[in-house]
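All of the numbers you see were taken from the coordinates with simple rules; none came from a lab. What you are looking at is a predicted structure, and each value in this text was computed from that prediction instead of being measured. So basically every Cβ, Gly included, is an ideal-geometry build from the backbone, and we count neighbours across all protein chains shown.
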């Protein structure tokens, strides 16, 4: 089965390259569409003087849609950027991969000769730890992971706790009921760390604040997020923050419908509804681009790596929507100063210990 998958993957890439050499990105399962002209340090120079990255083959695995407008799309955009940045490289991605296919898809890339395999999300970590052992000469990168593994698996956390902490601070400053709703997708390490951060940030502002966490069990079902917000309102919540990929769109929409306040996470969710007055960005695209660059240069380290505000991964949007002026100037300054502290290397978790 591994050989069949690898053969099919290779044939699809040949077809895609014949159809449009120099394109970028890919989609579906298995990956479809090839990268542009790209290269690896030490490879021969091209006739134009550019380095030839033809020995580099990058595969990206997504559990969600590459067009979800948030988490998965950031990674797909990183793949497209890599195809442009490294002339001659092969760059492909697979989207909406079910959990039952994590290992087989990963092995498919490995058997097809991919040199760098990026799995986007902590849900892939167990599969990456298993499969990476079988292919010690391939670089494996798993994002939102709280650990990695010698000798060739790097787990990258995009400062998920830091993200949640800033979400929690903004929510606590806005709430009147002192009850905050946190809507997560699946109950995995990275989302749990985010929810812990929301709770810590809220209690940093007001120890009496209560954070009620709901996990939808979905990355893309907006209805489940709407139902979660309905349930949270019945428990007295007047503000919600969400980290649930495309599913989280429903949370913003329902806050609009119910007159609740909202704080976005990961992507700029102020664009989704009037209830969201600020978002804390988690720029996974930038983080993946940095990790891929390090992998190509041979400087990426196995084990655990954290990238947050100091790396430009965590940022704050401008205030927007009907609650744009809800926070006082002093509160806005406090939030900005906390971000600055995280940029300067302060572990925000120490502020509540």
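Compute the helix-to-body angle for 189-205: its Cα long axis versus the longest principal axis of the chain, expressed 0 to 90° and rounded to tens. The angle comes out at about 30 degrees. Against the main long axis of the alpha-carbon atoms of the chain, helix 102-111 sits at an angle near 30°.
Normalised by residue count, segment 217-353 yields a Cα convex hull volume of 147 Å³ per residue. Per-residue ellipticity at 222 nm for the chain, helices alone: DSSP H runs ≥ 4 residues times -39500 (n - 2.57), over residue total, nearest 500 deg cm²/dmol? Calculated from helices alone, the mean residue ellipticity at 222 nm is -12500 deg cm²/dmol. The candidate values are [x] 1.02; [y] 1.22; [z] 1.07; the one derived from this structure for Cα Rg over 2.2 N^0.38 Å carries the label [x]. By the beta-carbon count within 10 Å of each Cβ, the least crowded to most crowded order of 86, 219, 323, 343, fewest first, is 343, 323, 219, 86. Annotation: the antiparallel percentage among DSSP beta bridges lying fully within segment 206-346 is about 25.
Using only Cα atoms, locate the centre of segment 146-213 and the centre of segment 299-315, then give the distance between them in Å, rounded to an integer. If we compute the Cα centre of each part, the gap is 18 Å. What is the helix-to-structure angle for 249-258, meaning the angle in degrees between its Cα long axis and the longest Cα principal axis of the chain, kept from 0 to 90 and rounded to the nearest 10? Orientation of helix 249-258: about 20 degrees from the principal axis.
Exposure proxy ranking for 142, 171, based on other Cβ atoms within 10 angstrom of each Cβ and starting from the fewest, stands as 171, 142.
If both residues of a DSSP beta bridge must be in the chain, then about 15% of such bridges are antiparallel. In the elastic network of the chain, a GNM with C-alpha springs shorter than 10 Å, the most mobile of 76, 265, 311 is 311. Build a GNM of the chain with springs between Cα atoms under 10 Å: which of 257, 244, 83 gets the top mean-square fluctuation? With Cα springs under 10 Å in the chain, the top fluctuation among 257, 244, 83 is at 257. When the Cα gyration tensor is reduced to axis lengths a ≥ b ≥ c, the ratio a/c is 1.5 or higher for segment 48-154, and with a/b not above b/c it is classed as oblate. Inter-part distance, segment 245-259 to segment 71-105, computed on C-alpha centroids, equals 28 Å.
Against the 2.2 N^0.38 Å scaling, with N counting residues, where does segment 93-167 land? I'd like the Cα-based Rg ratio to two decimal places. Segment 93-167 yields a ratio of 1.12.
Neighbouring Cβ atoms within 10 Å as the yardstick, rank 315, 213 fewest first.
Final ranking by Cβ density, sparse to dense: 315, 213.
Computing FRET efficiency as 1/(1 + (r/R0)^6) for residue 346 and residue 271, where r is the C-beta to C-beta distance and R0 is 30 Å, gives about 0.50. Restricting attention to segment 136-268, close to 5% of DSSP beta bridges with both partner residues there are antiparallel.
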